[in-house]
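Coordinate-derived values only; no laboratory data. Remember, predicted model here, so these are calculated numbers, not experimental data. In this analysis, Cβ positions are derived from the backbone assuming ideal geometry, glycine residues included, and neighbour counts consider all displayed protein chains.
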Amino acid sequence: MTEFWQTLVTQRSALITALGQHLLLSVISLAIAMAIAIPLAIWVIPKPKTANVFLQIAGVLQTIPSLALLGMLIPLVGIGSVPAVISLVVYALLPIFQNTYTGLTEIDPSLEEAATAFGMTRWEKLRKVELPLAFPMILSGIRTALVMIIGTATLAALIGAGGLGTFILLGINRNNNTMTLIGALASALLAIILSFALLGVKRIKLKPFLITVAVAVVGFGGFGIYKLVQPQPVSITIAGKLGSEPEILINMYRDLIETDNDNVKVTLKPNFGQTSFLFSALKNNQITIYPEFSGTVLEGLVKAPAKQATSATGIYQQAKTALQKQDKLTYLAPLKYNNTYALVVKRSFANKYDVHSISDLAKVKSQINAGFDLEFLDRNDGYKGIQKKYGLSFKTQSMSADLRYEALNQDKVNVTDGYSTDSQIRQYDLVVLKDDQHLFPTYQGAPLMRTATAKAHPEIVRSLNKLRGKISATDMQEMNYEVNVQRKSAAKVAHHYLVTHHLLGGER
């Protein structure tokens, strides 16, 4: 409990921000879903066959995995709040539509006949009789949708929309159960509080509510116009994949750019889940820069060259050329360290079976129970490459990249994939098996941006190129260790490196 309260106090500012983002996403999504589902349900009351079609469509939409839906939306609407809201609205439609339709169609027919006998029009019956009688059922659907929205909104953090999912993802990634618990508890409490708050909706009077909304619109609209007429700084968005290392790098990018350029405002979007999300967002101009690795570019983002280079310089040059030719993207100067893939085992396993290289796994393949990240399982420089180049096939299972080291440490698996700069290698005293057949290519990180942006802002390119050839593998592993194990801020760790290596001014 001590650690829980300490984390709550130190992270209170971030928690309040995440809570506000989560609340805003949820409320907007619920309002849009209500605006679509309730009128639609009213319209189809005389058309039961049409109503059944809509119910089936809403049901099918709800079966689409949320992560898949987010991935499909990114090429269409980019990243951030827009795709998050769209996906949340999709999941909220069914309970609101279904409950509204059911509530309105199950009204006692004698009450309908009485209303008609009093000479009420269709609109008057709806407003004075049907909606008041169906309101408890409609409200129940809205509450169900709200709880569903708040739970699903945690995935919005994967596409840069923020929210309480940030705490959950960071907690899992850094093996910090306290942060995960705080994010989960906050999400659950938010759902409970808003669900109970909806019970008081029927006591709200319409006229004061509309006046409040009008005042808010005028106020925010006036502020927006004021902001538009003010001189605006150059605004860029730097995103990073999930994990401490990308977060450290994007904080370095921000510090270098903002220190050298007074008129540039940088927004960071850390902890995206998938490479494909970021790459798509960059091509669609939803982000400005993100750190990418040369090996990843050649293996998954561009058409592979007929003959792939083997040297670090050659791999980087091939990646740079292919990115420019295929997608008009500029790949800036690379860092020093090679963050390549690795197969990792516990030291006790290595000693027991005398395993020191990937080839050595052949003599114990019947004993292997491997846990690999899904991306590694499907890559030619991952498990597919191991099967082809080493002639090895063994029992595997897919698991989240965030959980694989913990599974290895708890003997749930005995082999896993990792990266050579992972802090967990030091933390758990693990053994990296030698890639004696040279399967894994060199992975040098470098800033990736649109060529149009690079040409328009050469000052940003100059700032980022200060990292050319900097950061050794030892440096990166140590910084990852400070963030993941010692629980230091990625921003402070990044800034400290830049200062101590004389790339910035004084310590902040």
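Observations, loosely collected:
- Simple spin-label estimate for Lys466 and Glu112 gives 7.3 nm between the two label positions (7 Å along the Cα-to-Cβ direction from each Cα).
- Compared with the alpha-carbon gap, the fully stretched path from Lys328 to Ser398 is longer by 21.8 nm at 0.36 nm per residue.
- The chain: C-alpha gyration tensor shape, a/c 1.5 cut-off, then a/b vs b/c: prolate
- Pair Val60, Ala31: separation of 7 Å Cα→Cβ label points (nm): 3.1
- Rounded, prolate or oblate (a/c below 1.5 giving rounded, otherwise prolate when a/b exceeds b/c) for the stretch 2-199 by Cα gyration tensor: prolate
- Taking 0.36 nm per residue of separation and subtracting the current Cα-Cα distance, fully stretching the chain between Arg487 and Thr105 would add 131.9 nm.
- Cα-projected label distance for Thr259 with Glu459, points at 7 Å along beta-carbon direction, nm: 1.7
- The slack in the chain from Ile42 to Asn369, taken as 0.36 nm per residue of separation less the alpha-carbon distance, amounts to 112.1 nm.
- Test item: Cα-centred dipole of the stretch 341-432, Lys/Arg +1 and Asp/Glu -1 on Cβ, debye: 380
- Each of Ile96, Leu198, Ala117 was placed along the dipole of the chain (beta-carbon charges, centred on the mean Cα), and the one lying farthest toward the positive end is Ala117.
- Charged side chains reduced to their Cβ positions (Lys and Arg at +1, Asp and Glu at -1) give the chain a dipole of some 680 debye around its Cα centre.
- Nearest 10 degrees, 0 to 90: helix 490-500 Cα axis against the chain principal axis: 40
- Among beta bridges that DSSP assigns inside the stretch 341-432, antiparallel share in %, nearest 5: 55
- The chain: antiparallel DSSP beta bridges as a percent of all, rounded to 5: 50
- Residues Val44, Val485 arranged by fewest to most Cβ contacts within 10 Å: Val485, Val44
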